[in-house]
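The values are calculated or read from the model by the stated rules, or taken from the named source; none is laboratory data. Computed from a predicted model, the values in this text were never measured in an experiment. We place every Cβ from the backbone using ideal geometry, glycine too, and count neighbours over all the protein chains shown. Areas reflect the complete protein model, heavy atoms only, side chains present, ligands, DNA and RNA absent. Shrake-Rupley method; radii C 1.70, N 1.55, O 1.52, S 1.80 Å.
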Amino acid sequence: MGLIKHFNGVLKSTGAMYVGWVDAKTDEPVSDIDVKVRYEEYILAHIGIRLIEPELVHGYDPNKRTVLREIQIEHDMGPFEATAEEAYSFKETNGDKVDIWENASGGSWSVRLLKGALIRVPMALQADRLVAGLIPTGWDPRRYGIPDDVVKQVDIVTCYALVATVEALVRSGITDPYELYQYFHVSEIGNTTGSTIGGINSIQGVFKGRFLDREIKNDTLQETFISTVQAWVNMLLMSSAGPVKPVVGACASAVLSIDTAVETIQSGKARVMIAGGVDGFAEESSVEFANMGATSNSVEEFARGRTPAEMCRPCTTTRSGFMEGHGAGIVTLMSASAAIEFGAPIYGIIAMSGTATDKQGQSVPAPGKGVLTSAREATSKGRPSRMLNFNYRRRKLSHQLAALEQWTQEELADVEDMEDMEKGPLDDTVGLSAMRFASDVDKAYLRQRRSLQDFWGNEFWKNDSEISPLRGSLAVWGLTADDIGVASFHGTSTVANDKNESDVLNTQLKHLGRTPGHVVPVVCQKWLTGHPKGAAASFMLNGVIQSLRTGLVPGNRNADNIDKDLEA
């Protein structure tokens, strides 16, 4: 937030040598123990959900939302000076509603709009979405070491992604991305970072800035592309040559990104993937979410006596939408072997990931029940599949590994026969062939061993109509539906979403045989973070990992009255 800075030198106030923190405005020394007392009130007031601060969102002030109103002038207006090119452009557009002439002094022209001409005049409107989940006041990417020329060139969402990617790497024990290449080939590291909109400020420049004839960078268009975000991450940080799969999805960018990254690793195309989502905040998204009726009306909420922090109330009877947010959420994904080989801290294991479409309809954001398919299975009245039994799969794996070992020994015996066929002091062709054959046998052994481990360990449930993806992925780890300890909801605080989401989860768990009455605590964190759109699922995943690590399930502080419609 730029409230303090590090100092190493002579203090002007005392003339004494000092090394430590000083206040950014006064240069007064600040000891570590005094930071909380001195800055806590200001920090809490300028982070998270609060009134929109224009300096953080490209100058947008919802209290003075500027629009252009077209009016027809009722009398001739006074002339104004222009270049010859500009004068002829006015004439071309307005025809007989404008007069142009060259000034006597030469070198300039005059333009006069006549009665009946149309002009657009700016006017300020009062918006009713005044609250958002924003980055901390004073946040500056330069403070994180991003060069000034890069900050000026890229869209702000790229800066969010760069900082979040570095945070994800550091938490993975990686302080220098190039350290990865001591363990992995450049083609084994990829990126699936996605977004809902992309470079929103750059989009404003291309569409609104150009229309208003403002000065816009010549390369602004590239910053509007969703794929540009991960391109900059790779050019400035990773320098990899692995799979690049930018994803786009309204509120599901991070979900799609992580799911795509998991599939990329499982398919063997990469061993390390950077995944997640990023999005910005702008006037256009704020206005259009309001027009959709998805966000809470701040004016009405204030009239009811609520503070900004109370305006998102997932799963309650009074819920009336979310408030928008922005930011980035990035995770580092590795295959198990890659994480162990690299020595990375393992915070969680993704047992399953998936996405689903919904049935026919005419509303894109309307909630649906397509994700129920993750619990799909053709149940039978007999005994459950033996494949769900951990000990059974272990026995079968051991048996097949023993058979593979026997095959390997038989193949290697053929190598010994080859070596004994012919041995001459001047001809080692047979020996080289034997060595090559033995190497091929070793490679085949490793491939088949890995295939058996994958099938009996992780993939036995795939394409089995009697085992649902959820049940199968839990059984991989010897777990059942009763072992699920927490669920993180999208929890948009809209009437339709929260009811649908509760119904979907309840139906899934009931179908999987979870013990009746064994409740699942639910986290709905948008009451705290707002809805960052593309980064939402990454925020949620981070929260779930914290719950796994601590055993604590954070509450929904705004859950004043849970809606009875959510009951099964």
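Tabulated results
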quantity	calculated
Cubic angstrom per residue, convex hull over Cα atoms of the stretch 459-559	136 Å³
Computed [θ] at 222 nm, deg cm²/dmol, the chain (DSSP H ≥ 4; -39,500 (n - 2.57); rounded to nearest 500)	-10500 deg cm²/dmol
Whole-number D in µm² s⁻¹ for the stretch 81-190, Kirkwood Cα-pair radius fed into Stokes-Einstein, 37 °C, 0.692 mPa s	161 µm²/s
Long-range HN-HN contacts of residue 316 with modeled amide H, under 5 Å	563
Listed pairs 269/510; 369/564; 91/208; 369/533; 269/396 exceeding 26 Å between Cα atoms	269/510; 269/396
Distance between the stretch 99-117 and the stretch 450-481 - C-alpha centres, whole angstrom	79 Å
Solvent accessible area, Å² - residue 462, 1.4 Å probe, full protein context	80 Å²
Within straight-line cross-link reach of residue 36, aspartates and glutamates at Cα separation under 15 Å, skipping those fewer than 8 residues along the same chain	23
J(HN,Hα) series, the stretch 543-549, from Karplus relation 6.51 cos²θ - 1.76 cosθ + 1.60, nearest Hz, glycine and proline x	x, 5, 4, 4, 5, 5, 6
Gap separating the Cα centres of the stretch 490-568 and the stretch 1-60, nearest whole Å	36 Å
Computed E for residue 34/residue 266 - FRET, C-beta separation, R0 60 angstrom, nearest 0.05	0.75
For the stretch 194-299, alpha-carbon Rg and Dmax in angstrom	16.6, 52
Euclidean distance of C-alpha centroids, the stretch 187-217 and the stretch 161-185, integer Å	25 Å
Stretch gain in nm, segment residue 480-residue 446, where the contour uses 0.36 nm per residue and the Cα spacing is subtracted	9.1 nm
The stretch 479-540, dipole about Cα centre (Lys/Arg Cβ +1, Asp/Glu Cβ -1), debye to the nearest 20	140 debye
Summed residue charge, Cβ within 10 Å of residue 493's Cβ, Lys/Arg positive, Asp/Glu negative	+2
With DNA, RNA and ligands ignored, accessible area of residue 150 (1.4 Å probe; Å², nearest 10)	20 Å²
Span per principal axis, largest first, for the Cα atoms of the chain (Å)	108, 74, 69
Dipole magnitude (debye, nearest 20) for the chain, charges at Cβ of Lys, Arg, Asp, Glu	1920 debye
GluC sites (Glu not before Pro), loop per DSSP, at most 16 other Cβ atoms within 10 Å - longest free stretch of the chain	216-421
Aspartates and glutamates whose Cα lies under 13 Å from that of residue 115, excluding same-chain neighbours fewer than 8 positions away	74, 76, 96, 99
Distance (nanometres) between label positions extended 7 Å along Cα→Cβ at residue 356 and residue 291	3.2 nm
Given charges at beta-carbon only (K, R positive; D, E negative), |dipole| of the stretch 86-220 in Debye	600 debye
Separation in nanometres of the label points that stand 7 Å from Cα toward Cβ, at residue 167 and residue 18	3.0 nm
